[in-house]
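The values are calculated or read from the model by the stated rules, or taken from the named source; none is laboratory data. Remember, it's a predicted structure, so these values are computed and weren't measured experimentally. Positions of Cβ are backbone-derived with ideal geometry, glycine not excepted, and every protein chain shown enters the neighbour counts. Just so you know, the surface numbers come from the protein's heavy atoms only, side chains and all, with ligands and any DNA or RNA stripped out. Shrake-Rupley method; radii C 1.70, N 1.55, O 1.52, S 1.80 Å.
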Amino acid sequence: MTGAQAEIQALAAVTAVACALPGVFLVLRRQAMVSDAITHSVLLGIVVAFLLVEDLSSPLLLIGAALTGVLTVFLVEVLQRTRLVREDAAIGLVFPALFSIGVILIARFADGVHLDIDVVLLGEIAFAPLERFEAFGWDWGPTPLVEMSAILLVNAGLISILFKELKVATFDAGLAYALGFSPALVHYGLMSLVSVTAVGAFDAVGSILVVALMVGPPAAAYLLTDRLGVLLVLAAALGAGGAIAGYWLAHWVDASIAGAIAVVLGLEFAVVFLLAPGRGVIAHARRRARQRIRFAETMLAIHLLNHERSPEVLVENRVASLRDHLRWETDFAERIVRSARHDGLVAQRDGLLELTDAGRRLAEGALAHT
């Protein structure tokens with residue numbers, strides 16, 4: 001592995017972690033698509049700041065982008081509060097308008113400047129090692145890597161310091177007011193963080209991959225845990241792992257690195273979506289199947305309880321009679337009887353079903369709650 005390959009993978013991993021940390025709170029707040037709106041609309045802030053200072057390396061571009069990101073969120077909320085449009089419609093109205101203004105300004109006033117729309121949208125992480133950051137006589141590595149490392153430290157530091165405020169404002173805004181701090185201030189601070197992170201990642205990976213990094217790993221991690229601290233760690237790990245795996249996938253198939261990373265992140269989510277122990281599709285299907293069997297066992301216990309002292313007990317409490325009385329197919333009836341016997345709810349002697357003490361308690365408890 002060459003030094004350039006190591007730097008590209010380091011940049012991909014650092015960018016993934018930097019995006020995943022604020023992305024966790026976007027997912028928890030059900031505002032994942034706000035990241036898409038911000039990552040497009042900040043182009044306007046970048047262009048306006050450049051037209052003012054005419055310097056692509058100026059920190060004012062970052063400030064302009066952050067302010068535009070906050071403006072995007074503000075406009076979306078203004079439209080939403082009118083109750084005339086829903087949040088998704090408000091996002092669909094605001095960010096195309098702001099993004100289009102940025103595109104028009106580039107075409108009109110910055111056509112010869114390196115603010116190429118395709119680069120902003122798609123990014124090309126393979127070129128990152130060509131731009132070096134040199135200071136104090138040292139080569140500190142690719143400039144995007146240095147920038148994203150600084151943003152990652154800022155994100156991790158602010159989230160650590162404001163962890164309690166972010167947690168309370170995310171899950172219970174009323175409690176946040178009662179504790180004396182403003183959920184709105186926390187909200188706009190978070191959106192500023194998202195904006196700065198998105199702009200910092202533009203040169204490296206482009207806005208499309210920024211959205212994938214902000215949403216994919218947190219969404220997958222959310223299916224694995226209910227603890228916020230663990231959620232942040234898992235999202236960071238999934239993001240970094242997916243970024244590195246995506247690089248090697250692109251290397252193997254000779255494809256776009258950004259595209260390959262997005263594909264791997266999608267595959268990560270798909271695997272978690274299917275296999276997550278508590279919330280995965282398979283776990284949910286097994287839980288539903290178990291609930292269905294448990295309900296059928298309860299119905300069987302009630303049926304046996306109702307007939308165990310009747311004169312027809314020798315007829316009613318047989319597997320064959322369940323088809324007529326409970327409207328069960330023979331295969332399903334036999335399956336439920338096997339399950340009930342396995343769970344110690346019924347016993348079978350000479351073809352006659354009898355309730356055990358546990359089965360009787362189950363039937364009596366169910367009848368008591370009806």
Problem set entry | Theoretical gain in end-to-end length, Arg294 to Asp172 [0.36 nm per residue, Cα-Cα removed] | 40.3 nm
For this session: Report the dimensions of the chain along its three principal axes from the alpha-carbon atoms, largest first, rounded to Å.
Result: 97, 53, 37
For this session: Would you mind getting me the FRET efficiency between Asp331 and Ala156? Use the beta-carbon distance for r and R0 = 56 Å, nearest 0.05.
Result: 0.50
For this session: Per DSSP H run of at least 4 residues, take -39500 (n - 2.57); add these up for the chain, divide by its residues and hand me the 222 nm value, nearest 500 deg cm²/dmol.
Result: -25500 deg cm²/dmol
Problem set entry | Cβ-Cβ FRET estimate between Asp343 and Ala270, R0 fixed at 30 Å, reported to 0.05 | 0.30
Problem set entry | Accessible-area order (highest first, 1.4 angstrom probe) of the listed residues Trp328, Trp140 | Trp140, Trp328
Exercise. Distance from the Cα centre of region 260-297 to that of region 326-365, in angstrom?
Worked result: 29
Problem set entry | Exposed-site-free run, longest, the chain (rule: trypsin sites (Lys or Arg not before Pro); DSSP loop; at most 12 other C-beta within 10 Å) | 87-226
Problem set entry | Computed FRET value (nearest 0.05) for Ser182 with Arg30, which takes r as the C-beta separation and R₀ as 22 Å | 0.65
Exercise. By Kyte-Doolittle mean hydropathy of at least 0.5 and Cα axial length of at least 20 Å, which whole DSSP H helices of the chain are selected?
Worked result: 3-28, 32-53, 60-81, 87-109, 143-161, 183-222, 228-253, 257-275
Seminar exercise, completed: Extension length gain for Thr82 and Asp254 (0.36 nm per residue less Cα distance), in nm, is 57.0 nm
Exercise. Relative to the present Cα-Cα distance, how much length would full extension add between Val233 and Ala135 at 0.36 nm per residue of separation?
Worked result: 32.1 nm
For this session: Mind jotting down a quarter of the surface of the convex hull over the alpha carbons of region 202-281, in square nanometres, one decimal?
Result: 5.3
